[in-house]
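Right, one structure below, let's go through it.
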Amino acid sequence: MSQTMTAAVLHGKEDVRIEQLPVPQPQAGEVLLRIQAATTCGTDVKVFKRGYHAKMIRPPAVFGHEMAGVIERVGPGVTGWRAGQRVVPANSAPCGQCFWCQRLQPELCDHFTWLNGAYAEYVCVPARIVEVNLQVIPEGLPFEHASLAEPLACVVKGFEQVRVTRGETVVVIGAGPIGLMFVALAHQAGAHVIALDLRPSRLALAEAFGAQMVVEAAGDVVTRVRGMTNEGRGPDVVIESVGLPATWEQAIALVRKGGRVQLFGGCPAGTHVSVDTQRWHYEQLTLLSSFHHTPQHMRRALDLLASGAVPGAKFIGRTEPLVRLPDVLQELAVSRDVCKIAIKP
């Protein structure tokens, strides 16, 4: 094994450089992962454009968090894992001890251990992630599909909250990768799915993932979409996966009396939304939000990918070598026509 590796290092705003770095050595409780595939993510594009992530990454640093690979070596004290196993490390692990973890809300942990470093040949997986959030890849599942487990785990958690039942009408606002995952889960649950997006290419993807109807999100969307539902009442469930105050308000306006809204997309800090409090109260609207994932949702996500219930192949627009990552990020910063790009060292 070489003593150096190729890695993509974030140095600042729109400044990613391909460099040669020492191969990290696993310490007590850690495993060294040889990365076989990483997938691009909207969060990574935001980090690229901003030059940092307040919680997870400060430059200069190797970044990227959706990955899958093979254990190259285990550190001292590691049990239950061995070299050669195909695994997906989550990008975090909760502490298990704080107020939130003790109240069975580990996704809100005050002391997460975070993992970045997917855009490289190797990464050391921290001990806490090895202990609670390192997952075996099911047999036959390709690495580039397995690397989708982290975003899918977030979606699985958010989808569980809205309790979709067969025959309900579900509107998904936004047909990016996250929205498409919601479309796939709603379709799998037997719902009638309507997808909204501004881009025809994304709407075509939504149909491929199971949306029975697609709507270009321009003009008076609320009136048009409500008109597609039984007696114009509105959908039973609306899932917002864009992350803008305007689409949050649109989601609330769309839902029927007594319906549920999943405000999944994270809005920019400091922004606000307006809600008709009389409608919220007297029409008994349920407004939900969901952040991050838990180890159990990571396991569930891998099962869904392995079974084909969520078809990983449909997310991957193309594959690129690691050395092209700076160009790929520049492309994704200005275009949203590609769903996911698999990066291979």
Flag for Val273 being under 27 Å from Val221 (Cα atoms), buried (at least 18 other Cβ atoms within 10 Å of the Cβ) and outside the structural domain of Asp110 (by TED's automatic domain parsing) = no
Only one of these conditions is not met by Ala253: (1) in the same structural domain as Ile137 (by TED's automatic domain parsing); (2) surrounded by fewer than 21 Cβ atoms within 10 Å (Cβ to Cβ); (3) in contact (Cβ under 8 Å) with a residue 24 or more places away in the chain. Which number is it?
-> (1)
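Which one is nearest to Glu121 (Cα to Cα), of the residues in the range 312-345 that are of a type in the set (Lys, Arg) and assigned to a strand (DSSP E or B)? Give the derivation first.
Residues of the range 312-345 that are of a type in the set (Lys, Arg), as a first pass: 314, 318, 324, 336, 340, 344.
Checking which are assigned to a strand (DSSP E or B) leaves us with 318, 340, 344.
Numbers: Arg318: 19, Lys340: 19, Lys344: 8 Å.
Restricting to residues being of a type in the set (Lys, Arg) and assigned to a strand (DSSP E or B), the top hit is Lys344.
The rows are residues; the columns are (1) more than 22 Å from Glu320 (Cα to Cα); (2) at pLDDT 95 or above; (3) under 17 Å from the mean Cα position of the chain (by Cα); (4) small (Gly, Ala, Ser).
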position: His11; (1), (2), (3), (4): no, no, no, no
position: Arg34; (1), (2), (3), (4): no, yes, no, no
position: Ala68; (1), (2), (3), (4): no, yes, yes, yes
position: Arg73; (1), (2), (3), (4): yes, yes, no, no
position: Arg86; (1), (2), (3), (4): no, yes, no, no
position: Gln102; (1), (2), (3), (4): yes, yes, no, no
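Evaluate the following for Glu107: is it assigned by TED's automatic domain parsing to the domain that holds His53, more than 22 Å from the chain's Cα centre (by Cα), surrounded by fewer than 24 Cβ atoms within 10 Å (Cβ to Cβ) and among the acidic types (Asp, Glu)? Spell out the reasoning first.
Values: assigned by TED's automatic domain parsing to the domain that holds His53: yes; more than 22 Å from the chain's Cα centre (by Cα): no; surrounded by fewer than 24 Cβ atoms within 10 Å (Cβ to Cβ): yes; among the acidic types (Asp, Glu): yes.
Considered against the rule, which asks whether it is assigned by TED's automatic domain parsing to the domain that holds His53, more than 22 Å from the chain's Cα centre (by Cα), surrounded by fewer than 24 Cβ atoms within 10 Å (Cβ to Cβ) and among the acidic types (Asp, Glu), Glu107 comes out as no.
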Some residue of the range 13-31 being in the same structural domain as Val74 (by TED's automatic domain parsing), modelled with pLDDT of 95 or more, crowded, with 18+ Cβ neighbours inside 10 Å and in a strand (DSSP E or B) = yes
Mind checking which pairs have a first residue in the range 262-274 that is without any contact (Cβ under 8 Å) to a residue 40 or more places away in the chain and a second that is surrounded by 21 or more Cβ atoms within 10 Å (Cβ to Cβ) and outside any loop (DSSP other than H, G, I, E, B), Cβ under 6 Å, 6 or more apart or different chains?
-> Leu263/Glu240; Leu263/Trp248; Val273/Trp248
Output for Cβ contacts, cut-off 7 Å, separation at least six or different chains, first residue modelled with pLDDT of 95 or more and surrounded by fewer than 24 Cβ atoms within 10 Å (Cβ to Cβ) in the range 232-245, second acidic (Asp, Glu) and assigned to a strand (DSSP E or B), reads none
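Given the criterion within 30 Å of Ile129 (Cα to Cα), under 21 Å from the mean Cα position of the chain (by Cα) and surrounded by fewer than 21 Cβ atoms within 10 Å (Cβ to Cβ), identify the matching residue among Ala309, Ala301. I'd like the intermediate steps shown before the answer.
On the way: Ala301 fails: surrounded by fewer than 21 Cβ atoms within 10 Å (Cβ to Cβ).
When all the criteria are applied, what remains is Ala309.
Please find, within the range 162-177, the residue that is surrounded by the fewest Cβ atoms within 10 Å (Cβ to Cβ) out of those that are over 16 Å from the mean Cα position of the chain (by Cα) and either without any contact (Cβ under 8 Å) to a residue 40 or more places away in the chain or assigned to a helix (DSSP H, G or I) (or both). Working first, answer last.
To start, the set of residues in the range 162-177 that are over 16 Å from the mean Cα position of the chain (by Cα) comprises 162-171.
When the remaining residues are screened for being either without any contact (Cβ under 8 Å) to a residue 40 or more places away in the chain or assigned to a helix (DSSP H, G or I) (or both), the result is 162, 165-167.
Numbers: Val162: 25, Thr165: 11, Arg166: 8, Gly167: 10.
Of everything passing the filter in the range 162-177, Arg166 is surrounded by the fewest Cβ atoms within 10 Å (Cβ to Cβ).
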Tell me, please, whether a residue that is surrounded by 15 or more Cβ atoms within 10 Å (Cβ to Cβ), touching a residue at least 60 places away in the same chain (Cβ under 8 Å), assigned by TED's automatic domain parsing to the domain that holds Ile252 and in contact with a Pro (Cβ under 7 Å, 6 or more places away or on another chain) can be found in the range 206-226.
-> no
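Okay, residues lined up against (1) surrounded by 15 or more Cβ atoms within 10 Å (Cβ to Cβ); (2) at positive phi:
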| position | (1), (2) |
| --- | --- |
| Arg58 | no, no |
| Met67 | yes, no |
| Gly75 | yes, no |
| Gly80 | no, yes |
Going through the range 306-318 in order, the residues found to be within 20 Å of Arg86 (Cα to Cα) and not hydrophobic (A, V, I, L, M, F, W, C) are Ser307, Gly308, Pro311, Gly312
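The values are calculated or read from the model by the stated rules, or taken from the named source; none is laboratory data. Remember, it's a predicted structure, so these values are computed and weren't measured experimentally. Virtual Cβ from ideal backbone geometry, glycine too; neighbours counted across all protein chains shown.
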